[in-house]
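K.L.:
Structure below; questions to follow.
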Amino acid sequence: MQATQCELSLPINSVLNNTYKIKEVVATSKLSIVYLAENINNEEQLIVKEFFPKEMAIRDLDNRTIINRLPSTKQKFKDLKGIFLNEAFIMQQINHRNIVKYTDHFEENGSIYIIMDYYEGKLLDQYLKDFPVQDRDHLYKSIFLPLIDALCYVHKQGILHRDIKPSNILIDSEGNPFLLDFGSAIFYKTAKDNQIFTSSGYSPLEQYSNKSAQGVYTDLYSFAATFYFSMTDSIPPDVSQRLIEDKIEQVKEHNNSVSLLLSYIIMWGLAVQVKKRCPSLQIMKWVITVEEFVNRIRNYLKVNNSK
């Protein structure tokens, strides 16, 4: 991960909870600042995610404490803080080899901090640049099948991720994928009014309303959109642009190495209307497994016929 400068971040070498020393800023978003930190007790590197809603928060004179700067946003600040705390509670309940591991969380400086394991690697959108678009079939087994297993595990816990996209998937130095950022996640079986969080090109239609029913098919759309991008280098058109006239291009129009069956499954997962969408990640898993097996046989025959 490359360091990112942020004037609003905690001072370098600040110590949180008498344990975590801030080393550098690695990422920022509208709601948080992410740091690389060190556990001063064992020198272990960790990730610290700090609640910091940029549009309404400032640092106090101590350069650490976070305060809401406008009285008119007091309730919104409180609501967003609750959502951030909910992310920590959700991560506490997750333990999967392909999901970033939760370590700790606490309140300090008027903010909330989530501590996670650190992984050396690249985000998926950067990782894909190492491979030509026609030469990515090896990623079926190494990246996409493990991600499906991780999502199926999350869904069994009654959780929806709701923000699957290339920038929320980390590929470590050994090529293993890890699902990141549960800031939009909900317990979908009990949630009533779903906070609207969307990512252009990756979020399905039902996420644009806090009243629409959401389920595993919601994450399936985002997974299919991520798969589409990975096989084409093109972000799918935002769902709002597909409502009247759907001009989304087929995967095979960008990448001839993808079979008709796999292309169909990806496009099925990207159906705008829930009732027309692929209903199960297990179907996608089966097709990807078949595709990976066929490609393995094809490559084996190609190598042996060339001898």
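K.L.:
I need to check one value: relative contact order of the chain, counting alpha carbon pairs closer than 8 Å and at least 6 residues apart, in percent.
P.N.:
Over the chain, the number comes to 12 percent.
K.L.:
Please compute the Kirkwood hydrodynamic radius over region 1-140, one decimal place, Å, based on all pairs of different Cα atoms.
P.N.:
One over the average 1/r among Cα pairs gives 16.5 Å for region 1-140.
K.L.:
Can you list the residues, at least 5 places off or on another chain, whose amide H is less than 5 Å from the amide H of Val26, using H built in the peptide plane?
P.N.:
HN-HN under 5 Å from Val26: Thr4, Val34, Tyr35, Leu36.
K.L.:
Could you work out the longest stretch of the chain that avoids the GluC sites (Glu not before Pro) located in DSSP loops with at most 13 other Cβ atoms within 10 Å?
P.N.:
With a cap of 13 other Cβ atoms within 10 Å, the longest stretch comes to 175-244.
K.L.:
When you take every Cα atom in region 87-222, what is the radius of gyration, and what is Dmax, the widest Cα pair distance, in Å?
P.N.:
Both quantities, over Cα of region 87-222: 15.5, 49 Å.
K.L.:
What does the charge add up to near Pro204, with Lys and Arg as +1, Asp and Glu as -1, over the other residues with Cβ less than 13 Å from its Cβ? Before the final figure, lay out each step's value.
P.N.:
Numbers: positive: Arg162, Lys165, Arg242, Lys275, Lys276, Arg277; negative: Asp163, Glu206, Asp219, Asp238.
Counting the neighbours of Pro204, the net charge comes to +2.
K.L.:
Right, another one. Give the accessible surface of the chain per residue, rounded to a whole number of Å², with probe radius 1.4 Å and ligands, DNA and RNA excluded.
P.N.:
Averaged over the residues of the chain, the accessible area is 50 Å².
K.L.:
Let's test this: bin the Cα-Cα distances of region 209-307 at 10 Å from zero up to the farthest pair and state each bin's percent.
P.N.:
14, 43, 28, 11, 4, 1, 0
K.L.:
Could you work out what % of the accessible surface of the chain is carbon and sulfur, using a 1.4 angstrom probe and leaving DNA, RNA and ligands out of the count?
P.N.:
Exposed carbon and sulfur together represent 51 percent of the surface.
K.L.:
Would you pull out the residues with amide H under 5 Å of Glu108's amide H, same chain only if 5 or more places away, H placed 1.01 Å from N?
P.N.:
Distant-sequence amide H within range of Glu108: Tyr113.
K.L.:
Quote the FRET efficiency, to the nearest 0.05, computed for Lys156 versus Lys30 with a Förster distance R0 of 25 Å and r equal to the Cβ-Cβ distance.
P.N.:
Working: r = 30 Å, r/R0 = 1.21.
That pair, Lys156 with Lys30, gives E of 0.25.
K.L.:
Of Asp219, Asp163, Asp125, Asp246, which has the most accessible area and how do the rest follow, probe 1.4 Å?
P.N.:
Asp246, Asp125, Asp163, Asp219
K.L.:
Using only Cα atoms and rounding to the nearest 10 degrees, what angle (0 to 90) does helix 281-305 make with the longest principal axis of the chain?
P.N.:
That helix lies at roughly 60 degrees to the long axis.
K.L.:
Another question, then. Which entry in (i) 0.97; (ii) 0.94; (iii) 1.00 matches Rg/Rh (Cα atoms, Kirkwood Rh) derived from the coordinates of this structure?
P.N.:
Computing Rg/Rh (Cα atoms, Kirkwood Rh) and matching it to (i) 0.97; (ii) 0.94; (iii) 1.00 gives (iii).
K.L.:
Amide H neighbours of Lys101 under 5 Å, at least 5 residues apart or on other chains, H built in the peptide plane: list them.
P.N.:
Those qualifying (amide H under 5 Å, at least 5 residues apart or on another chain) are Asp117.
K.L.:
Another question about this same structure. Counting Lys and Arg as +1 and Asp and Glu as -1, what is the net charge of the other residues whose Cβ lies under 9 Å from the Cβ of Pro53?
P.N.:
+3
K.L.:
Sticking with this one: In the structure shown, do any of Lys21/Lys76; Lys247/Lys276; Lys54/Lys78 have a Cα-Cα gap over 20 Å, and if so which? If you can, show how the numbers build up before the last one.
P.N.:
Details: Lys21/Lys76 30 Å; Lys247/Lys276 17 Å; Lys54/Lys78 14 Å.
Among Lys21/Lys76; Lys247/Lys276; Lys54/Lys78, the Cα-Cα distance tops 20 Å for Lys21/Lys76.
K.L.:
Now a separate question. Which three numbers, in whole Å and largest first, are the semi-axes of the equivalent ellipsoid of region 217-264 derived from its Cα gyration tensor as √(5λ)?
P.N.:
18, 13, 10
K.L.:
While we're looking at this one, here's another question. Which whole-number percent of Cα pairs in region 107-167 have a distance greater than 13 Å?
P.N.:
76 percent
K.L.:
To test your reading of the geometry: what angle, between 0 and 90 degrees and rounded to tens, separates the Cα axis of helix 260-269 from the longest principal axis of the chain?
P.N.:
It works out to around 40 degrees.
The values are calculated or read from the model by the stated rules, or taken from the named source; none is laboratory data. Remember, it's a predicted structure, so these values are computed and weren't measured experimentally. Positions of Cβ are backbone-derived with ideal geometry, glycine not excepted, and every protein chain shown enters the neighbour counts. Keep in mind that these areas ignore ligands, DNA and RNA; they rest on the heavy atoms of the full protein, side chains included. Shrake-Rupley method; radii C 1.70, N 1.55, O 1.52, S 1.80 Å.
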